[in-house]
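The values are calculated or read from the model by the stated rules, or taken from the named source; none is laboratory data. All of these numbers come straight from a predicted model, not from anything done at the bench. Positions of Cβ are backbone-derived with ideal geometry, glycine not excepted, and every protein chain shown enters the neighbour counts. Ligands, DNA and RNA are excluded from the accessible area calculation, which covers all protein heavy atoms including side chains. Shrake-Rupley method; radii C 1.70, N 1.55, O 1.52, S 1.80 Å.
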Amino acid sequence: ITRVFLFPTFSAAWRFMSLVAEECKTKKHHPHWSNLYNKVAIEWTTHKPRGLSIKDIEMAEFCDRTAATIGLKE
């Protein structure tokens, strides 16, 4: 699962990444991601078992909810 989130500011993007990082620690599941100013690209995949897992879906949904709360760039 991949998605690019575009936030209004770098600060908003950083806040998003911090909140996702905290959830990652809780769920013990981490993404491939990158950040450039207000843009966060994130990919959820599972190495064992290979492919897509319920953890990927749950974390992608968490990201969508968190980004909506912070506010995406229009």
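Key figures for this structure:
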read-out	value
Protein accessible area in the chain, 1.4 Å probe - carbon and sulfur %	57 percent
The chain - charge dipole about Cα centre, Lys and Arg +1 at Cβ, Asp and Glu -1, debye rounded to 20	220 debye
Where the chain is the region considered: accessible area per residue in Å², 1.4 Å probe	67 Å²
Charge context of residue 28, other residues only, Cβ under 14 angstrom, K/R +1, D/E -1	0
Cα-based helix-to-principal-axis angle, 54-70 vs the chain, degrees rounded to 10	10 degrees
Cβ-Cβ FRET estimate between residue 52 and residue 3, R0 fixed at 22 Å, reported to 0.05	0.95
Correct choice for log10 I(q)/I(0) by the Debye sum over Cα atoms at q = 0.16, 0.27 Å⁻¹ that was computed from the model, options [x] -0.51, -1.31; [y] -0.65, -1.16; [z] -0.82, -1.19	[x]
In the range 1-35, the trypsin sites (Lys or Arg not before Pro) that fall in loop regions by DSSP, at most 13 other Cβ within 10 Å	28
Pairwise centroid distance, computed over Cα atoms, of the range 1-46 with the range 52-67, Å	11 Å
Gain upon complete extension [residue 22, residue 36; 0.36 nm per residue less C-alpha separation]	3.0 nm
Gain on full stretching of the segment that runs from residue 29 to residue 72 - 0.36 nm per residue minus C-alpha separation	13.1 nm
